[in-house]
Amino acid sequence: MINILTLLPVLACAIGMNIALGMYYNIGIKKFSFNVHIFLTGILKAFIIAGSFMGLAYCFYYIDFRTFGVTPKFILNSAITLYVGKVLVSLGKILGLELNLERTDK
């Protein structure tokens, strides 16, 4: 479980970057005014999601799901990957990159 706890600062960093870039994009690029309620709601949602991933990792630590390939480290790595992906999308928007997310195999 100690190996899992070492991933928490990485998750916190990814969440912090996501919040900061979201604020920069909405306030600096889209010219929205700062709204404390929306800001606090976003932080609360991030903590709920991160807490859920940590809770899942804890549960998977005590219940052996390794036969299915699911480990506590996999759970936290998934959370980190989720937030890093969101950070990459935000950076793309800030830098003016065109994101084509439509499926081409329809």
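The values are calculated or read from the model by the stated rules, or taken from the named source; none is laboratory data. All of these numbers come straight from a predicted model, not from anything done at the bench. FYI the Cβ positions are ideal-geometry reconstructions off the backbone, even for glycines, and counts take in every protein chain you see. Only protein heavy atoms, including side chains, enter the accessible area calculation; ligands, DNA and RNA are left aside. Shrake-Rupley method; radii C 1.70, N 1.55, O 1.52, S 1.80 Å.
Taking θ as phi - 60° and the Karplus parameters 6.51, -1.76 and 1.60, the scalar couplings of segment 4-18 work out to 5, 5, 5, 7, 4, x, 5, 4, 4, 5, 5, 5, x, 4, 4 Hz in sequence order, x denoting glycine and proline. Look at the Cα gyration tensor of the chain: its axes a ≥ b ≥ c give a/c of at least 1.5 with a/b at or below b/c, and that counts as oblate. When the accessible area of segment 27-106 is split by element with a 1.4 Å probe, what percent falls to carbon and sulfur? Here it works out to 66 percent.
Please compute the per residue accessible area over the chain with all protein chains in place, 1.4 Å probe, rounded to a whole number of Å². Write out the running numbers ahead of the final one.
Working: 7780 Å² over 106 residues.
Here the per-residue accessible area is 73 Å².
Using C-alpha pairs below 8 Å separated by at least 6 residues, the relative contact order for segment 30-106 is 20 percent.
What does the extension gain come out to for F68 and H37, with contour length at 0.36 nm per residue minus their alpha carbon separation? Walk me through the numbers before you get to the answer.
Values: separation 31, 0.36 × 31 = 11.16 nm, distance 4.09 nm.
Full extension from F68 to H37 adds 7.1 nm.
Here the dipole of the chain is about 180 debye; that uses its Cα centre as origin and unit charges on the Cβ of Lys and Arg (positive) and Asp and Glu (negative). For the chain, the tally of Lys pairs with Cα-Cα distances below 29 Å comes to 12, considering only residues 8 or more apart or on different chains.
For segment 1-62, the mean projected area of the C-alpha convex hull, equal to one quarter of the hull surface, is 4.4 nm².
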